[in-house]
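Everything below concerns the one structure shown next.
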Amino acid sequence: MIARKYATVFGIASRDQLVYLPSFLARNLFFVVVMFVFYSLWRAIFAGNATIAGFTMVQMLWYLTFTEAIELSQTRIFLPISEEVKDGTIAYSLNRPYSYVLFWISRGMGENLVKVLPLLIEGFVLALIMVGPLPGYFRALPIGFVTIVLGILIGTTLQAIIGLLAFWFEEVMPFWWIIQKLVFVIGGMFIPIDLYPEWLQRIARYTPFAFAAYWPATVFVNFSPERVVTTLIGQVAYVALFGLIAAVLFRAAVRKLHVQGG
């Protein structure tokens with residue numbers, strides 16, 4: 001019964017997202033431009049090289065297809081959460097028969113999955129045209145898609161935490177900028193972690209940012225049962241950790257609201 005509430009929120013958010021055609025077209029057009037830039041850049045870098053850090057040109061472009069699809073699918077749920085905190089409308093949600101945090105995570109994931117599916121299909125076509133098929137793609141697809149969803153869930157849960165920080169900070173956008181840049185750099189969004197110095201690889205590989213982007217993408221381009229197990233364990237652990245942090249933050253925020261007479 002409880003799960004059905006959040007499944008309903010998820011479904012409504014998914015249907016609502018289908019209405020925004022201009023946004024859909026702009027996002028997918030931007031994806032085409034980004035992939036063309038990546039293709040041109042890495043074709044020049046790979047000139048005369050069969051592999052770089054264990055990646056072929058085919059693997060590199062497919063890797064970037066997955067990481068970019070994950071990034072572009074992210075709905076910024078921290079913005080409406082922080083706005084509700086600022087204008088006080090969050091007080092109306094406290095007596096409703098659902099978890100505020102799970103409501104926003106469910107809503108965000110409903111929108112995210114509607115965004116990521118077309119991007120993955122589009123990315124498949126673009127990568128196929130630019131560099132050809134990825135060996136082992138269809139074998140990795142079922143579990144690979146699960147890791148992409150979990151990677152997006154890590155980002156969504158982090159955004160819920162950022163939104164709740166509005167109870168203590170007037171502006172939460174800087175927190176998002178920091179998280180986003182960490183995903184870009186040590187999460188392997190633009191460059192696989194394998195290209196980094198060894199000391200940085202050891203740090204970056206097991207951060208939540210890597211499990212949001214790098215690990216799901218490498219499940220596809222370098223599939224192995226060991227990699228799948230590592231990816232799933234890390235992702236589930238970080239989702240649980242961030243979910244717990246979000247719940248603790250929300251309870252602290254509610255106490256703060258009651259003390260202040262909100």
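Read-outs throughout are calculated quantities, based only on the coordinates presented, and are distinct from any laboratory measurement. Please read these numbers as outputs of a predicted model, since none were measured by experiment. Cβ coordinates were reconstructed from backbone atoms using ideal geometry, including for glycine residues, and neighbour counts include every protein chain displayed.
Residues that are small (Gly, Ala, Ser) and surrounded by 22 or more Cβ atoms within 10 Å (Cβ to Cβ) within the stretch 96-129 comprise SER106, GLY108, GLY110, GLY123, ALA127, listed in sequence order. For the stretch 149-163, the set of residues classified as of a type in the set (A, V, I, L, M, F, W, C), buried (at least 24 other Cβ atoms within 10 Å of the Cβ) and more than 14 Å from LEU244 (Cα to Cα) consists of ILE152 only. Restricting the stretch 91-143 to residues that are closer than 30 Å to LEU41 by Cβ and of a type in the set (Val, Ile, Thr), the residue that is nearest to the chain's Cα centre (by Cα) is VAL116. Restricting the stretch 174-228 to residues that are hydroxyl-bearing (Ser, Thr, Tyr) and surrounded by 23 or more Cβ atoms within 10 Å (Cβ to Cβ), the residue that is farthest from MET60 (Cα to Cα) is TYR214.
For the stretch 189-216, residues that are within 18 Å of THR156 (Cα to Cα) and assigned to a loop (DSSP other than H, G, I, E, B) total 3. SER93 meets all of the listed conditions (1) in contact (Cβ under 8 Å) with a residue 40 or more places away in the chain; (2) surrounded by fewer than 22 Cβ atoms within 10 Å (Cβ to Cβ); (3) hydroxyl-bearing (Ser, Thr, Tyr) but one, namely (1).
Scanning the stretch 185-213 for residues that are of a type in the set (Phe, Trp, Tyr) and free of Cβ contacts under 8 Å to residues at least 24 places away in the same chain turns up TYR196, TRP199.
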